[in-house]
Amino acid sequence: MDKIDEARELLKMLGMPKAQQTDICCYVLLAMAGIRRDTEWANAENGWIRIHDIIQFANINYGSTYAENSRETFRKQALHHFRNAALVEDNGKATNSPNYRYRLTEETLQMIKAYQTSEWQKSVNRFLKYHEKLVDIYASKKKMTMMPVRINGADFQFSTGKHNELQKAIIEEFAPRFAPNSECLYVGDTIEKDLVKNVEKLIELGFEITLHDKMPDVV
């Protein structure tokens, strides 16, 4: 594997979400650790660095062509999440200050230095003992923002979003007011398409259901 693929594998093993295993995220990790194509991971470093320096490092050492106006992309796609995962820290300056810098935490540096050695897994386990995987943190936050909805007397959850807010209002407010004693036979969440589906009653009413049918949002 080349260094970019190795960086991607490293991020994956640390529990970073798929979106934080992209080339940009790999370039950020490599730049912050000072890992060039011929640098051993054992020689990683963690000097203070600007996003400008990260972009220049990637362009010079890995042939990328990022422009200065892509700094916010690097911040939002990589550095913000790396900080959430306790991989990096900043120097406490204002974000718009020319003196604002990032670096790998000392803990992260020591772990990276152990990459591809017999101590690597032990180092990762030690890190994850004190820092939850980012993929788990984000999954937990997503779960916490699920929208409760009561359908036919039972409790369900919709994923958040304007479309599901409308479906919730139809089921919990419109139906009791304008269709009292009605039963919800079908409703699809934007993620879980068949959250409720009473096939037998739908067929009795003339709905021919196949996996390819375009069902109404709420029946």
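The values are calculated or read from the model by the stated rules, or taken from the named source; none is laboratory data. Note that this is a predicted model, so its numbers are computed, not measured. Glycine also receives a Cβ, built like all others from the backbone with ideal geometry; neighbour counts cover every protein chain displayed. What goes into the accessible areas is simple: the full protein's heavy atoms, side chains included, and nothing from ligands, DNA or RNA. Shrake-Rupley method; radii C 1.70, N 1.55, O 1.52, S 1.80 Å.
Based on DSSP H segments of at least four residues, each scored -39500 (n - 2.57), the chain has a per-residue ellipticity at 222 nm of -11500 deg cm²/dmol. So for the chain, averaging the separation of alpha carbon pairs under 8 Å that are six or more residues apart and normalising by length, what relative contact order in percent results? Relative CO of the chain lands at 15 percent.
Put simply, the stretch 14-78 fits an ellipsoid with semi-axes of 17, 15, 11 Å; these come from the alpha carbon gyration tensor as the roots of five times its eigenvalues, largest first. Past 31 Å, Cα to Cα: identify those pairs from Lys76/Lys162; Lys129/Lys168; Lys12/Lys197, in the order given. Pairs exceeding the cut-off: Lys129/Lys168; Lys12/Lys197.
Shown for the chain: the carbon plus sulfur share of the solvent-accessible area, taken with all protein chains present and a 1.4 angstrom probe, equals 51%.
Report the far tail of the P(r) of the chain, meaning the percent of Cα-Cα pairs longer than 29 Å. When every Cα pair of the chain is considered, 47 percent fall beyond 29 Å. Surface analysis of the chain yields an accessible area of 59 Å² per residue, using protein heavy atoms and a 1.4 Å probe.
Accessible area per residue was computed with a 1.4 Å probe on protein heavy atoms; Tyr100 scores about 20 Å². Annotation note: trypsin sites (Lys or Arg not before Pro) in the stretch 55-107 located in DSSP loop regions with a Cβ neighbour count of at most 14 within 10 Å are Lys93.
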